[in-house]
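The values are calculated or read from the model by the stated rules, or taken from the named source; none is laboratory data. Keep in mind the model is a prediction, meaning the values are calculated, not measured. Don't worry about glycine lacking a Cβ; one is built from the backbone with ideal geometry, like all the others, and counts go over all protein chains shown.
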Amino acid sequence: MKLQVSCDLHFQIEDPTALILMLRPLSAAQQRITKASYIVEPGVAITENKDSVGNFCQRLVAPPGEFIVHTAFEVITADNIDTARGANFVEIQNLPNQILPYLLPSRYCESDRFGDLAREIVTDALPGYDQVSQINDWVQRNINYIPGSSDLPLSAIDINNRGYGVCRDLAQLAITLCRSISIPARLVVGYLYQLEPMDLHAWFEAYIGGRWYTFDPTQSGPRGGRVIIAFGRDAADVSIFHQFGVGCVLNNMDVRVNLLSKPSNSVQVL
């Protein structure tokens, strides 16, 4: 399908403030960008670079006053996501080097603290995809998805204890459980067509059978229509903006995802 996605950020700036933004979708096997618009008002110089995993980062200094970032993209992406019941667990010694960081505990994913719970959840599942699917289902059943309930990123321990959270929180708990049984997992931030309520969204991917597979504990079943902005170990890696200074307030964020067309030869997720 072909989607138009956009995100408008409205800041109020007291003093010149350095910002690092992460708002440009990746152009990769999962999706193809056909049109792009990136506008800031008032106009300032923007430099762009890629981080260590290939996410696009934009750097600028926002001047005092109202500062607006408008991004809009047209993207061809898959109608559906791949599933693979029975896909095998990849032994640690056979993992590619670039996958290894997604096995380790990170700031919001304390995977060294969840081994007993994870093993209990997957006790009757085949190693690999079926274990991740069981973890995804467990998080969906046991952690309430409440949009807007978390202003700041919380750790997997926090979310497991309180029993509810936003999409990012549920994904990070699932990631933590996967890593605790030696399955690499990473956080994904982007857009989801027909998400309710509409906002930027987070889900996770697990490395099984020699590739990444998509999982989303906030949704009742596998859904395509996803546009990926960034991957990371957890929310610390994929924040859509970092501000450096105290005189910068985000007053409003407007996210839209519209269907432009649904071609018969949609991009296959690899």
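Collect the residues in region 107-166 that are among the charged types (D, E, K, R), under 24 Å from Leu195 (Cβ atoms) and not in a loop (DSSP other than H, G, I, E, B), keeping them in residue-number order.
Matches in region 107-166: Asp137, Arg141, Asp158, Arg162.
So which strands (runs of 3 or more DSSP E) stay within region 178-239 end to end and still have 1 or more residues that are over 26 Å from Val90 (Cα atoms)?
185-192, 201-208, 226-232
Could you list, in sequence order, all residues of region 88-101 that are touching a Leu at 6+ places or on another chain (Cβ under 9 Å) and either surrounded by 18 or more Cβ atoms within 10 Å (Cβ to Cβ) or outside any loop (DSSP other than H, G, I, E, B) (or both)?
Answer for region 88-101, where residues must be touching a Leu at 6+ places or on another chain (Cβ under 9 Å) and either surrounded by 18 or more Cβ atoms within 10 Å (Cβ to Cβ) or outside any loop (DSSP other than H, G, I, E, B) (or both): Asn88, Phe89, Ile92.
Answer yes or no as to whether Ile81 is part of a helix (DSSP H, G or I), of a type in the set (A, V, I, L, M) and either closer than 26 Å to Arg24 by Cα or outside the structural domain of Lys35 (by TED's automatic domain parsing) (or both).
No.
Okay, residues lined up against (1) buried (at least 17 other Cβ atoms within 10 Å of the Cβ); (2) under 14 Å from Ile240 (Cα atoms):
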| site | (1), (2) |
| --- | --- |
| Phe11 | yes, yes |
| Asp15 | no, no |
| Met22 | yes, yes |
| Leu26 | yes, yes |
| Gln30 | yes, no |
| His70 | no, yes |
| Thr77 | yes, no |
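Table: residues versus (1) surrounded by 20 or more Cβ atoms within 10 Å (Cβ to Cβ); (2) within 14 Å of the chain's Cα centre (by Cα).
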{"site": "Val188", "(1), (2)": "yes, yes"}
{"site": "Tyr191", "(1), (2)": "yes, yes"}
{"site": "Glu196", "(1), (2)": "no, no"}
{"site": "His201", "(1), (2)": "yes, yes"}
{"site": "Ile208", "(1), (2)": "yes, no"}
{"site": "Thr218", "(1), (2)": "yes, yes"}
{"site": "Pro222", "(1), (2)": "no, no"}
